[in-house]
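The values are calculated or read from the model by the stated rules, or taken from the named source; none is laboratory data. Worth saying up front: this structure is predicted, and the values here are computed from it rather than measured. Ideal geometry is used to build each Cβ from the backbone, glycine not excepted, and the neighbour counts take in all protein chains shown.
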Amino acid sequence: MTRSAARAVLAARASPEMTGAPLSTDEISRYARHLVLPEVGGPGQQKLKAASVLVVGAGGLGAPVLLYLAAAGVGRLGLLDNDHVSLSNLQRQIIHTTQNIGKPKVESAAELLSQINPHPVLELHNTRLDEGNAQELIAPYDIVVDGSDNFATRFLVADTCEQLEKTLVTGAVNRFDGSITTLQPYLRNADGQLNPRYRDLFPKMPDPSMTLTCEEAGILGALTGIIGSMQALEVIKAITGTGTLLIGKQLLFDSQSMFFYPVTYSRKPN
């Protein structure tokens, strides 16, 4: 195929008539590798442009999530984190730089995201998620990605997303291991059964005294990139409607053996 013919194909696949979020000439060139994928194409890219995603945490997991979602052309990205960049973050939180040590993480992240892609609207929430603001912060977005580092926030995000009927992609890392699952507990599966909840996977919040933080246990930096990138991939799949989501499956990853294995879980009776 000649270059002129390829450009014609790209333009046709990105036709504004396909969906309600037309692509500019710059966007057609920028997202060219998406547009040639039949499973994404113009309609899928326009869905990405029309979508909104809230990322809870701009740290180890949130960094690759934000980078890939911005690069993919998600139209509106919410960055939620109340922490500041520290020197020890830079071993894994690749969205931040040495020059930004001491700066709020949401501001530091926004600087790089705007350089990667000027098209997404960035909404900065320099605050900590709690029971008083969770619904207000989560409600305006289509999809939520949880990259937090503690179970209290994970349970709060999961419960709020279930109440508001928001798709949630949640991940976690510890030392050399990581996990990811996608939650839509307000929808039913092919058998007519409600999809599982986060509390079907974790019935009770673990005792904080029994769990170690990354500061205490350590974390292999590149591991966060793997799990965070997978979270971004799940979001893109959910928006474009391609592939199968990790609903009712928690994908576990052991980086020392480079082994992935899924754990199936289901909705438990109330």
Exactly one of Asp130, Asp207, Asp191 is under 19 Å from Ala58 (Cβ atoms), surrounded by fewer than 16 Cβ atoms within 10 Å (Cβ to Cβ) and free of Cβ contacts under 8 Å to residues at least 40 places away in the same chain, and that one is Asp130
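Going through Leu156, Leu223, Leu212, Leu233 one at a time, which residue ends up being at pLDDT below 95, outside any strand (DSSP E or B) and in the same structural domain as Gly78 (by TED's automatic domain parsing)? Break it down into steps so the answer makes sense when it comes.
Working: Leu156 fails: at pLDDT below 95; Leu223 fails: at pLDDT below 95; Leu233 fails: at pLDDT below 95.
Of Leu156, Leu223, Leu212, Leu233, the one residue that is at pLDDT below 95, outside any strand (DSSP E or B) and in the same structural domain as Gly78 (by TED's automatic domain parsing) is Leu212.
Any chance the stretch 71-81 includes a residue that's of a type in the set (A, V, I, L, M) and closer than 14 Å to Gly171 by Cβ?
As a first pass, look at the stretch 71-81 and keep what is of a type in the set (A, V, I, L, M): 71-72, 74, 77, 79-80.
Within this subset, residues satisfying the condition of being closer than 14 Å to Gly171 by Cβ are none.
Checked the stretch 71-81: no residue is of a type in the set (A, V, I, L, M) and closer than 14 Å to Gly171 by Cβ.
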Out of the stretch 246-265, which residues are among the small types (Gly, Ala, Ser) and either out of contact with any helix residue (DSSP H, G or I) (no Cβ under 8 Å at 6 or more places or on another chain) or under 13 Å from Leu183 (Cβ atoms) (or both)?
-> Gly248, Ser257
Return yes when Gly243 is modelled with pLDDT of 95 or more and in contact with a strand residue (DSSP E or B) (Cβ under 7 Å, 6 or more places away or on another chain) and no when it is not.
-> no
What residue, among those in the stretch 133-169 that are free of Cβ contacts under 8 Å to residues at least 40 places away in the same chain and crowded, with 23+ Cβ neighbours inside 10 Å, is farthest from Gly62 (Cα to Cα)?
-> Cys161
Sole exception among (1) free of Cβ contacts under 8 Å to residues at least 24 places away in the same chain; (2) within 30 Å of Thr25 (Cα to Cα); (3) in contact with a strand residue (DSSP E or B) (Cβ under 7 Å, 6 or more places away or on another chain) for Val53, by number = (1)
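Given the residues Asn270, Asn174, which is the only one that is part of a loop (DSSP other than H, G, I, E, B) and not charged (D, E, K, R)? It would help to see each step written out before you state the result.
On the way: Asn174 fails: part of a loop (DSSP other than H, G, I, E, B).
Matching residue, one of Asn270, Asn174: Asn270.
Do we have any residue at all in the stretch 174-186 that's in contact (Cβ under 8 Å) with a residue 12 or more places away in the chain and over 30 Å from Ser255 (Cβ atoms)?
yes
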Looking at (1) in contact with an Asp or Glu (Cβ under 9 Å, 6 or more places away or on another chain); (2) among the aliphatic types (A, V, I, L, M); (3) at pLDDT 95 or above, find the lone condition where Ala14 falls short.
-> (3)
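For Arg199, are the conditions met, namely being in the same structural domain as Asn133 (by TED's automatic domain parsing), surrounded by 15 or more Cβ atoms within 10 Å (Cβ to Cβ), under 20 Å from Gln231 (Cα atoms) and in contact with a strand residue (DSSP E or B) (Cβ under 7 Å, 6 or more places away or on another chain)?
Working: in the same structural domain as Asn133 (by TED's automatic domain parsing): yes; surrounded by 15 or more Cβ atoms within 10 Å (Cβ to Cβ): yes; under 20 Å from Gln231 (Cα atoms): yes; in contact with a strand residue (DSSP E or B) (Cβ under 7 Å, 6 or more places away or on another chain): no.
No; evaluated as a whole, the condition is false for this residue.
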Qualifying positions in the stretch 95-140 - assigned to a loop (DSSP other than H, G, I, E, B) and charged (D, E, K, R) = Lys103, Arg128, Asp130, Glu131
Selection within the stretch 108-123 - within 14 Å of Thr97 (Cα to Cα) and aliphatic (A, V, I, L, M) = Ala109, Ala110, Leu112, Leu113
